[in-house]
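The values are calculated or read from the model by the stated rules, or taken from the named source; none is laboratory data. All values derive from a computational prediction rather than experimental measurement. Neighbour counts run over all protein chains shown; Cβ positions are idealised from the backbone, glycine included.
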Amino acid sequence: MAIWIKRALLAVVAVMIVGGLVYALRPLPIPVDTAVIGTGPLEVTVDEEGVTRIREVYMVSAPVAGKVLRSPREVGDEVSAGETVIAIIQPGEPSFLDARTRLELSAAVAASQAAVALAEAQVRRAQSELVYAEAELHRAVQLRETQTISEQRLEKARLDVETGKAAVASEQATLELRRRELESARARLIGPESVQSHPDDPEDCCVRVTAPVDGRVLKIIHESEQRVGAGEPLLEIGDPGDLEVVAELLSSDAVRIEDGATAYIENWGGTDVLKAQVKYVEPAGFEKVSALGIEEQRVNTVLEFTGSPEKWRQMGHDFRVFVRIVTWSSDNVLKVPISALFRQGADWAVFVSSDDVARLTTVRVGHRNTRFAEVVSGLAEGDRVVLHPSDRVADEVRIVERDGG
């Protein structure tokens with residue numbers, strides 16, 4: 001009897017040891033994060049970076065060539081149409097003359113001086129001839145009174161006087177012409193060393209450019225004094241309160257955008273998400289090379305703010321923003337977190353947590369965004385799915401909710 005009892009005790013002890021070893025060596029449950037499937041609103045959006053811009057930006061150009069003075073305005077200054085002076089342009093200074101050009105122009109000055117001297121001599125000759133003709137006319141009048149000469153001789157004397165007067169006027173005009181030619185030749189010899197500085201704000205020598213519209217200065221292209229050509233841009237003016245947003249979308253995304261679609265402006269620097277709507281999608285695209293060197297066809301999509309201007313008045317021209325444009329939405333759909341989905345062959349699948357065991361489940365999804373996907377079939381409301389399943393999670397593997405999950 002004692003032997004039988006001893007054998008029974010040894011058997012029990014052996015069973016307990018084996019059970020303890022099995023329990024100690026069995027796999028531990030894998031800690032995971034889970035989420036409960038539920039219903040709610042879902043929006044599908046096209047996400048892209050964008051920039052703000054003022055709808056009407058006025059580029060002010062130089063009306064004439066010359067030297068523009070240092071800008072009297074600063075970026076951000078308010079301007080009034082037709083009143084605020086935004087640029088002052090002085091006449092440009094002449095360029096330097098090389099040795100050959102200077103010699104040629106000096107010779108031209110000398111020739112002009114000789115031409116003036118010749119014209120002066122011709123004027124003196126014409127004046128002398130006029131004096132002689134007038135004296136002859138005076139004698140002819142006296143002789144005619146005594147019937148010494150004929151009437152024809154008297155008329156000829158009068159004609160000579162008129163001809164002399166015309167010759168004097170002609171030679172004086174020629175002299176004036178030669179003097180102006182001399183001034184022109186001397187002017188061509190003027191170099192920058194001979195030009196005196198103009199006053200800072202002259203009234204009689206400079207072009208004063210005024211603002212074409214009311215607004216604020218956005219950009220000053222020529223801030224310091226320098227030479228400019230006619231039509232060269234000087235500065236930009238616009239109204240910061242008249243903002244819109246432009247996003248360069250992929251052409252494959254742009255075809256899904258409708259005019260008037262709801263949009264959200266995020267990551268613009270403020271705490272609020274700003275509301276906007278699509279104004280229009282431009283009808284022509286353009287090619288752009290991405291940061292990875294990929295050639296892409298992009299399309300400009302223009303959005304306008306719909307909220308109160310007070311919410312976005314801190315933004316200005318060319319500010320970076322992040323745009324989300326809604327292409328599909330529903331107020332009540334069964335949705336699953338994107339982080340729970342993974343590919344199982346050609347299908348989507350998830351791990352469903354059932355009695356602390358992971359169950360591999362194939363699902364069909366519909367619309368989806370960056371956070372959630374619409375569940376078409378395979379899951380029901382209230383199911384708990386594993387988020388971010390690692391390679392340790394498999395079908396029928398024991399799992400445990402991670403602390404704080």
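What number goes with the only condition from (1) touching a Ser or Thr at 6+ places or on another chain (Cβ under 6 Å); (2) at pLDDT below 90 that P233 does not pass? Among (1) touching a Ser or Thr at 6+ places or on another chain (Cβ under 6 Å); (2) at pLDDT below 90, P233 violates only (2). Pull up region 113-151, narrow it to residues that are polar (S, T, N, Q) and either in contact with a Leu (Cβ under 9 Å, 6 or more places away or on another chain) or modelled with pLDDT under 85 (or both), then point me to the one that is nearest to E183 (Cα to Cα). Filtering first and then ranking leaves Q113. When A169, A185 are checked against the criterion of being of a type in the set (A, V, I, L, M, F, W, C), part of a helix (DSSP H, G or I), surrounded by fewer than 17 Cβ atoms within 10 Å (Cβ to Cβ) and on the phi < 0 side of the Ramachandran plot, a single residue qualifies: A169. Among what's in region 378-405 and is under 20 Å from I338 (Cβ atoms) and either free of Cβ contacts under 8 Å to residues at least 40 places away in the same chain or in contact with a helix residue (DSSP H, G or I) (Cβ under 7 Å, 6 or more places away or on another chain) (or both), pick the residue that is surrounded by the fewest Cβ atoms within 10 Å (Cβ to Cβ). The extreme case among them is D391.
Can you list the strands (runs of 3 or more DSSP E) lying wholly within region 309-396 that have 2 or more residues being farther than 25 Å from A254 by Cα and of a type in the set (A, V, I, L, M)? Steps first, please.
On the way: elements: 320-337, 342-344, 347-354, 357-368, 372-377, 384-387.
Where strands (runs of 3 or more DSSP E) fall fully within region 309-396 and carry at least 2 residues being farther than 25 Å from A254 by Cα and of a type in the set (A, V, I, L, M), they are 320-337, 347-354, 357-368, 372-377, 384-387.
The rows are residues; the columns are (1) surrounded by 14 or more Cβ atoms within 10 Å (Cβ to Cβ); (2) under 21 Å from the mean Cα position of the chain (by Cα).
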| site | (1), (2) |
| --- | --- |
| L250 | yes, yes |
| A263 | yes, no |
| I294 | no, no |
| N300 | yes, yes |
| W312 | yes, yes |
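Looking at A110, A119, A115, can you tell me which residue is loosely packed, with under 14 Cβ neighbours inside 10 Å, more than 16 Å from C206 (Cα to Cα) and hydrophobic (A, V, I, L, M, F, W, C)?
Values: A119 fails: loosely packed, with under 14 Cβ neighbours inside 10 Å; A115 fails: loosely packed, with under 14 Cβ neighbours inside 10 Å.
Of the residues listed, the single one that is loosely packed, with under 14 Cβ neighbours inside 10 Å, more than 16 Å from C206 (Cα to Cα) and hydrophobic (A, V, I, L, M, F, W, C) is A110.
Within region 161-186, residues that are outside the structural domain of V109 (by TED's automatic domain parsing) reach no partner that is among the hydrophobic types (A, V, I, L, M, F, W, C) and part of a helix (DSSP H, G or I) with beta carbons closer than 6 Å at six or more positions or on different chains.
Taking the criterion of being touching a Phe, Trp or Tyr at 6+ places or on another chain (Cβ under 6 Å) and surrounded by 15 or more Cβ atoms within 10 Å (Cβ to Cβ), would at least one residue in region 274-284 satisfy it?
Of all residues in region 274-284, those touching a Phe, Trp or Tyr at 6+ places or on another chain (Cβ under 6 Å) come to 274, 276.
Cutting the leftovers down to surrounded by 15 or more Cβ atoms within 10 Å (Cβ to Cβ) gives us 274, 276.
Yes, because at least one residue in region 274-284 is touching a Phe, Trp or Tyr at 6+ places or on another chain (Cβ under 6 Å) and surrounded by 15 or more Cβ atoms within 10 Å (Cβ to Cβ).
Across region 40-75, the number of residues qualifying as touching a Phe, Trp or Tyr at 6+ places or on another chain (Cβ under 8 Å) and surrounded by fewer than 13 Cβ atoms within 10 Å (Cβ to Cβ) comes to 1.
Restrict the check to region 352-372 and report whether at least one residue is touching a residue at least 40 places away in the same chain (Cβ under 8 Å), of a type in the set (K, R), in contact with a strand residue (DSSP E or B) (Cβ under 8 Å, 6 or more places away or on another chain) and surrounded by fewer than 20 Cβ atoms within 10 Å (Cβ to Cβ). Yes, the conditions are met somewhere in region 352-372. Considering only residues in region 97-145 that are closer than 24 Å to E162 by Cβ and polar (S, T, N, Q), the one that is farthest from the chain's Cα centre (by Cα) turns out to be Q142.
Might you let me know whether region 139-154 holds any residue that is in contact with a helix residue (DSSP H, G or I) (Cβ under 6 Å, 6 or more places away or on another chain), part of a helix (DSSP H, G or I) and polar (S, T, N, Q)? No.
From the list E78, E104, E83, the lone residue that is modelled with pLDDT under 90, out of contact with any Phe, Trp or Tyr (no Cβ under 7 Å at 6 or more places or on another chain) and either surrounded by 17 or more Cβ atoms within 10 Å (Cβ to Cβ) or among the charged types (D, E, K, R) (or both) is E104.
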